[in-house]
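Report on the following structure.
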Amino acid sequence: MELSPRRQRILFAVCREYIVTGRAVASGALVQVHGLEWSPATIRNELVALEEAGYVAQPHQSAGRLPTPLGMRLYVRSLVRPPPLRAELRRAVDVSLSEPVHGPESMRVAAQVLSEVASCVAVTFVSEDRGGKVSQVDLVPVQGCRAMVALTLAGMHTRLHPVTIDARFAETGGMLRLQERLRGLCVGKTLAEARAELSRLWAEHEARLDRLLAESLRIGLWLCTAAALDPLWVQIAGQRLLAGQSDQTLAQVLALFDDYHGLAELLCQLLPEHSLEQARAEVHVAAELRPALAGVGPTGPCVLSGMSLIGCRVQPAEDGRTAAVALLGSDRMDYEAAIPLVEYAAQALAARTSE
């Protein structure tokens, strides 16, 4: 829905007030605190329209309005270029990454600094592209629609990836047909080649995909994304900051902190890759925080109400390594400060990784 300038100003004022106070915002407060020139009655009418469009919500009849995830995403996107990172924060990041990154210990201080500065969970990781061609793909039934895909790259160990299969292919005969189609699509190619070919086929045949090919492409695309990167070094700091969150799906993210491969896979699906010179942070608010191909991975959709993720992923050189920095915290985080912090830290980490 295209918002009028007035409704945009009112919505963004609600978002800013929510970030500062954490409480529902009344029309009178918008006039007094944010200096809006319209009467409270006019603002109330506009808030009703914003609520009908899904940008704000009213917890109960006598309360003010809270921004919805849709409203918060629109507000964050309006921050075209946040202000530059403050000099003292740049120095803190530089000191924490004063040495070349050659192992997990060299990132520990950086993760702790980011977590303390932003009051969020901070994740730093360096990963490496897994080279070699796919030599074997096997689909092993587990239970019902659950299965394990065993992927073997030439000269490397086999890795297992849990997936969810469409119920129509859960029987043995369907699994075998799906396995043969996956082998035909992936075997003999590198993961990058297979992913490019699968994406091309998906775009080419999207309007007329048969069910077997559609399911093969869906699993193949996720599999190539999930297996493409091998997390060499990961550091996480500030998990205690999530202790107060009550959302039941938080357990999925906490479990990822114990599974470095799963954490790296999720972040790489959420964060597009940038060059060292053009690093740009991605912001995912509440319901937007989920794997790109939801339902294929081991936990399915991962939706965290009331939380946001800001991350940046950079490929520093031609050596196939990727550096990433991410902050996970409340949807009330200071986006204008956190976005430049993540971008600068990702660039600094990538630069130290390539040394």
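A few remarks follow.
- Here the accessible area is traced with a 1.4 Å probe on the protein chains. For region 37-79, carbon and sulfur cover 51 percent of it.
- Projecting the Cα positions of Ala41, Tyr18, Ala87 onto the charge dipole of the chain (unit charges on Cβ atoms of Lys, Arg, Asp and Glu, taken about the Cα centre) puts Ala41 furthest along the positive direction.
- Surface per residue (accessible, 1.4 Å probe) for the chain, Å²: 46 Å²
- Residue-by-residue Karplus 3J(HN,Hα) for region 152-162, coefficients 6.51, -1.76, 1.60, Hz, glycine and proline x: 10, 9, 4, x, 10, 6, 6, 10, 9, 10, x
- Each peptide among 6-18, 179-191 gets the average number of other Cβ atoms lying within 10 Å of its residues, and from highest to lowest they stand as 6-18, 179-191.
- Once the C-beta distance of Gln8 and Glu116 is scaled by a Förster radius of 35 Å, the resulting FRET efficiency is 0.55 to the nearest 0.05.
- With a simple spin-label model that places each label point 7 Å from the Cα along the Cα-to-Cβ direction, the separation between Asp334 and Gln61 comes to 4.0 nm.
- For region 1-64, the spread of Cα positions along each principal axis, largest first, Å: 28, 25, 21
- When the chain is treated as a Gaussian network with alpha carbon springs shorter than 10 Å, the biggest mean-square fluctuation among Arg321, Arg218, Arg200 belongs to Arg200.
- At 1.002 mPa s and 20 °C, Stokes D of the chain from Kirkwood alpha-carbon radius, µm² per second: 96 µm²/s
The values are calculated or read from the model by the stated rules, or taken from the named source; none is laboratory data. Model, not experiment: these values are computed from the prediction. Note: ideal-geometry Cβ built from the backbone for every residue, glycine included; neighbour counts use all protein chains shown. What goes into the accessible areas is simple: the full protein's heavy atoms, side chains included, and nothing from ligands, DNA or RNA. Shrake-Rupley method; radii C 1.70, N 1.55, O 1.52, S 1.80 Å.
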